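Questions regarding the structure given below will be posed in turn.
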Amino acid sequence: MKIHEYQAKELFRSFNIPVPNGMLCETPEAITEAVEKLGLPLAVKAQVHAGGRGKGGGVRVAKTMDEAVEAVNAILGMKLVTQQTGAEGRTVNKVLAEQGVSIAKELYLSFIVNRDDATITIMASQDGGMDIEEVAASTPERIIKVGINPLLGIQGYHIRQVCIALQLQPAVAKQYGAMLRNLYKLFISHDCSLLEINPLIITEEDTLIALDAKFDVDSNGLYRLPAVAAMRDPLEEDANELEAAKYDLNYIKLDGTIGNMVNGAGLAMATMDIIKQAGAEPANFLDVGGGADAEKVENGFRIILSDPNVKGILINIFGGILRCDVLAQGVVQAAKSIGLSVPVVVRMEGTNVERGREILAESGLDLINAVTLSDAAEKVAAITG
């Protein structure tokens, strides 16, 4: 789960990570209070779950009250398009007004979970700011990577390795080391998958300040983090994904035209491969889970059909905990209550498979039975034309 920059900075403050003074503005009128409270100049920053806001026009610096008002009016309500939002963009519903700071140098810093070597990896660079992606692509050697064994935690030699590579002056290196320790504590205690500061600035007074903050938390850990769970912004998430979460369905919207319903993440990946081999593109990832019942299947069906891009559906179920007859009942129930507007290919194997096929055949619905994976692929190909 992602949270906004202003929320991440609240967490930063609680872990003694220095950030600029700021104020959230959800209406144009709020900027007057922000100027009175924070002074000028101000940075006015769009709050959306995407990077590259500066390049997309979502960050402006205001040196006067008129410029501050103009910036808020321009950013609030805009459709912000960046490399991370895609062409559809994101609507900006709130902005963060922050006190201006003097910048002597911009750095980059992040912590990520590195599954390749089972470490929490520090990534740091002397080249912070809007062009960090270009730095990573063209001069990757300028990005320092230091892996931390999570069983041992961050050690002094990790900090020294990063500070020496960044060629930090002693006064700045001392602050940097303290920041690394505090960020690591935040990362571990909040089940993070990513913490990123870009830019991390050195001011003209040789102090470190996190000018930006990106915070991603593993959703599986949210039950331990009610305060973070409360920061979820439904306006920043796909409505169908939120709806699916209510029924404990694992749903991710994709850009294709063939919806699919599967039980098990591995089978879901294989099913999406089948769809692509058939010459089509999957419209979603949907894992109903091993313990699904007819109601869960119906809700999954309804969510798939709510996507206007869906031209056909492939249901691929291995009946273990979820028996094939239960699946068939759910499909029939869903089809009758929602109404079938697209072709549906059903491929089942496993427990009570014959009874499941009988239920589908007796339903009177226009459902396309597939016996094998190759049979399912051929029938999906026929749907796509």
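Do any residues in the stretch 103-117 that are within 14 Å of Leu166 (Cα to Cα) have Cβ atoms under 7 Å from those of residues that are assigned to a loop (DSSP other than H, G, I, E, B) and of a type outside the set (Lys, Arg), where the two are at least six apart or on different chains, and which pairs are they?
Sorted first by the residue in the stretch 103-117, then by its partner, the pairs are Glu106/Gly128; Glu106/Gly129; Leu107/Gln126; Leu107/Gly128; Tyr108/Asp127; Tyr108/Gly128.
In addition: Can you find a residue in the stretch 86-96 that is in contact (Cβ under 8 Å) with a residue 60 or more places away in the chain and of a type in the set (A, V, I, L, M, F, W, C)?
yes
Between a first residue in the stretch 176-194 that is assigned by TED's automatic domain parsing to the domain that holds Ile112 and a second residue that is in a helix (DSSP H, G or I), which pairs have beta carbons less than 6 Å apart while being 6 or more apart in sequence or on different chains?
Tyr176/Cys163; Gly177/Ile159; Leu180/Ile159; Asp191/Gly221
Give me the pairs: first residue in the stretch 62-81 and over 13 Å from Pro28 (Cα atoms), second residue among the hydroxyl-bearing types (Ser, Thr, Tyr), beta-carbon distance under 6 Å, and six or more apart or on different chains, which are they?
Lys79/Thr91
Across the stretch 79-103, which residue is modelled with the lowest pLDDT among those that are of a type in the set (D, E, K, R) and closer than 24 Å to Met23 by Cα?
For the stretch 79-103, the residue satisfying everything is Arg90.
Can you pull out the residues in the stretch 355-377 that are in contact (Cβ under 8 Å) with a residue 24 or more places away in the chain and either surrounded by fewer than 12 Cβ atoms within 10 Å (Cβ to Cβ) or assigned to a loop (DSSP other than H, G, I, E, B) (or both)?
Correct list: Ser363, Leu365, Asp366, Val371, Thr372.
Checking the condition over 29 Å from Leu168 (Cβ atoms) and touching a residue at least 60 places away in the same chain (Cβ under 8 Å), which residue from Arg232, Arg224 passes?
The match here is Arg232.
Would you pick out the residues in the stretch 208-222 that are of a type outside the set (D, E, K, R) and either over 13 Å from Leu107 (Cβ atoms) or assigned to a helix (DSSP H, G or I) (or both)?
Within the stretch 208-222, Ala213, Phe215, Val217, Ser219, Asn220, Gly221, Leu222 qualify.
Is there a residue being within 19 Å of Thr119 (Cβ to Cβ), touching a strand residue (DSSP E or B) at 6+ places or on another chain (Cβ under 6 Å) and among the small types (Gly, Ala, Ser) anywhere in the stretch 176-196?
Yes: the stretch 176-196 contains one or more residues that are within 19 Å of Thr119 (Cβ to Cβ), touching a strand residue (DSSP E or B) at 6+ places or on another chain (Cβ under 6 Å) and among the small types (Gly, Ala, Ser).
Please work out which residue is nearest to Ile148 (Cα to Cα), limiting yourself to the stretch 192-215 and to residues that are acidic (Asp, Glu) and surrounded by 18 or more Cβ atoms within 10 Å (Cβ to Cβ).
Glu196
Separate question: Would the stretch 120-127 turn up any residue that is among the hydrophobic types (A, V, I, L, M, F, W, C), within 30 Å of Gly56 (Cα to Cα) and part of a helix (DSSP H, G or I)?
For the stretch 120-127, residues among the hydrophobic types (A, V, I, L, M, F, W, C), within 30 Å of Gly56 (Cα to Cα) and part of a helix (DSSP H, G or I): absent.
Shifting gears a bit: Go over the candidates Leu327, Leu322, Leu254, Leu249 one by one and state the one that is surrounded by 21 or more Cβ atoms within 10 Å (Cβ to Cβ), at pLDDT 85 or above and assigned by TED's automatic domain parsing to the domain that holds Val353.
None of the others qualify; the one that does is Leu249.
Report the residue count in the stretch 68-84 for those that are in a helix (DSSP H, G or I) and surrounded by fewer than 20 Cβ atoms within 10 Å (Cβ to Cβ).
4
Quick check on the stretch 94-117: of everything there that is acidic (Asp, Glu) and more than 13 Å from Gly147 (Cβ to Cβ), which residue is surrounded by the fewest Cβ atoms within 10 Å (Cβ to Cβ)?
Checked the stretch 94-117; the qualifying residue surrounded by the fewest Cβ atoms within 10 Å (Cβ to Cβ) is Glu106.
Let me ask something additional. Identify the residue in the stretch 287-317 that is over 16 Å from Ala244 (Cα atoms) and surrounded by 20 or more Cβ atoms within 10 Å (Cβ to Cβ) and, among all such residues, is modelled with the lowest pLDDT.
Ile317
Here is a check on your reading of the model: is Val342 of a type outside the set (Asp, Glu), surrounded by 18 or more Cβ atoms within 10 Å (Cβ to Cβ) and at pLDDT 80 or above?
no
The values are calculated or read from the model by the stated rules, or taken from the named source; none is laboratory data. Treat the numbers as computed from the prediction; the structure is a model and nothing was measured. Counting neighbours? That spans all protein chains shown, and the Cβs are built from the backbone with ideal geometry, glycine included.
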